[in-house]
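For reference, the structure is listed below as structure tokens.
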Amino acid sequence: MLSRLHQLRSTSIFAIEAGRGPLVLCMHGITANAYVFEPIMQRLAGEFRVVSIDQRGHGRSGRPALYAGEGFADGVAGVVG
């Protein structure tokens, strides 16, 4: 499993990734982090590229000044792009 901190325009987004193939994106809820999906990622990695991110303000991701929908979408695009 690979881990990386992606530097974006408004903040940084931490992600873990495993496998190759069609993309499966895992996005956690409140109080969790990217690693909550690790068991699922291990099972899917044989057939898919599985990416799990720390949402903005969680885990190792940065805490931007503004939390808006566009920023969340930019973060995802910056990680999986």
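Structure values in brief
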{"item": "Zone of residue 77's modelled label, taken as backbone nitrogen in segment 9-38 under 13 Å from a point 7 Å along Cα→Cβ", "result": "9-10"}
{"item": "Apportionment of accessible area to carbon and sulfur, the chain, percent (1.4 Å)", "result": "54"}
{"item": "Full-extension gain in nm, residue 32 to residue 48, via 0.36 nm per residue minus C-alpha separation", "result": "3.5 nm"}
{"item": "Using θ = phi - 60° and Karplus 6.51 cos²θ - 1.76 cosθ + 1.60, couplings along segment 17-27 (whole Hz; Gly, Pro as x)", "result": "8, 8, x, 9, x, x, 6, 10, 9, 10, 10"}
{"item": "Charge tally in the Cβ shell below 13 Å around residue 20, where Lys, Arg are +1 and Asp, Glu are -1, residue 20 excluded", "result": "-1"}
{"item": "For residue 49, distant residues with modelled amide H under 5 Å away", "result": "20, 21, 23, 24"}
{"item": "C-alpha long axis of helix 69-80 to longest principal axis of the chain, angle in °", "result": "40"}
{"item": "Most mobile of 68, 18, 32 in a GNM of the chain (Cα contacts under 10 Å)", "result": "68"}
{"item": "Cut-off under 5 Å, modelled amide H: who pairs with residue 61 long-range", "result": "14"}
{"item": "Area accessible to solvent at residue 3, 1.4 Å probe radius, in Å²", "result": "70"}
{"item": "DSSP beta bridges in the chain [antiparallel fraction, %, rounded to 5]", "result": "65"}
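The values are calculated or read from the model by the stated rules, or taken from the named source; none is laboratory data. Values in this document were obtained by computation on a predicted structure and should not be read as measured data. Because the Cβ atoms are built from the backbone with ideal geometry, glycine has one as well, and the counts that use them run over all protein chains shown. All accessible areas refer to the heavy atoms of the entire protein, side chains included, with ligands and DNA or RNA removed. Shrake-Rupley method; radii C 1.70, N 1.55, O 1.52, S 1.80 Å.
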